[in-house]
Amino acid sequence: MASIFDELTPAWLKNTVLFGVDLTDDSGSPYPDEIYTESIAQAVSWLEHEIGIVLDEVDVVAENHDAFEQNRSAFWPFTLDHRPLVDVTKIRIKYGSYDAVKLPASWVKRVSDTHSKIHLIPSSENLGSYSIAGGVPILIGDVFQPLRYFPGYFEFDYSAGFRSQRGTITVADGVAGGDLVYPLPMPNSMYRIDMTVTGNGAAGVRRTVRSPTGLSWELVTAPDGGTATITWHVTMIPADIKRAIGYKASLLPLDIAGDLIGGAGVANYSVSMDGLSQNLGTTSSATNAGYGARVLQFERELKKLLPALRARYRSINFGSI
């Protein structure tokens, strides 16, 4: 399983939002990569808190949710703490000092992966055995009478975030197509695919049928005289999420580059010799960096982008008494 930081690298930042900026110090040496990696990490953390999501996939264990008796008639609705939802792997219930009782993960009905909203809908073939177990009330009948509330009754194990995967395929001599099965299933088919092929004249890799578990591929030109290698990458990270991170992560390198655009602390300088003179002025000043216009533009773009991201991922929960 790949990390978001496999995609959001210093090279990615320099080749996108920082393209065209002189990223060297006064001696001409490139800025250290730590500037970019820290800026990207801070931007990822900032965006996670800003819109309430998890970007790098995480595994959550034993997340507790209370049980309210009235939710039984609504098929036990839950909003898990982390979003977007990738998969729910285990469900348990815990009542007092009794041992935890496992419930089938097949009972989970995923209503909204974006907002991590699920319901529990017991299936008919195994419902009966879950009404009473060792004196512990479970899900059906008058099991919550006279009590109507159990704190931390449900436990969920699940994964959340944006799943990304990458790998390679070795293509035999003369083979022009095949199937790729992902090591882990994707939450759905709405993922981005990048595939390239190299070796022995192979060219033009195309994707045909795709699903959450894999895809079919074919080559315009099969390898001739040896094997070829297809490098593949699938990711659920939306392009506008990456764009927002790029805008935020670029601000520190732009501030540094703007301060050094004409030399550290230099806004204007002139050189004269034997009646000849040359003057150079920059946009740097005591209160403005050399790339201040680009910084302001990125901040404006980010300000317009954030409401759309919040609207997509933030959910409003209503309650009444």
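Any read-out appearing in this document is the output of simple, stated calculations on the displayed coordinates, not a laboratory observation. In this text the structure is predicted, and so the values were computed from the model without any measurement. Because the Cβ atoms are built from the backbone with ideal geometry, glycine has one as well, and the counts that use them run over all protein chains shown.
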Checking the table Lys117/Lys248; Lys14/Lys304; Lys117/Lys303; Lys90/Lys242; Lys242/Lys303 against a 20 Å threshold on Cα-Cα, which pairs fail?
Lys117/Lys248; Lys14/Lys304; Lys117/Lys303; Lys90/Lys242
Along segment 181-188, what does the Karplus equation 6.51 cos²θ - 1.76 cosθ + 1.60 (θ = phi - 60°) give for ³J(HN,Hα), rounded to whole Hz, x for Gly and Pro?
9, 5, x, 10, x, 7, x, 7
Förster radius 22 Å - calculated FRET efficiency between Ala239 and Ala308, Cβ distance, rounded to 0.05:
0.95
Roughly how many nanometres apart are two label points built 7 Å out from the Cα toward the Cβ at Lys102 and Met1?
1.9
What's the FRET efficiency of Lys90 with Thr9 using the Cβ-Cβ distance as r and R₀ = 45 Å, to the nearest 0.05?
0.85
When the convex hull of the C-alpha atoms of segment 169-233 is computed, what volume per residue in Å³ does it have?
66
Taking the number of other C-beta atoms within 10 Å as the exposure measure, put Ser159, Ser39 in order starting with the fewest.
Ser159, Ser39
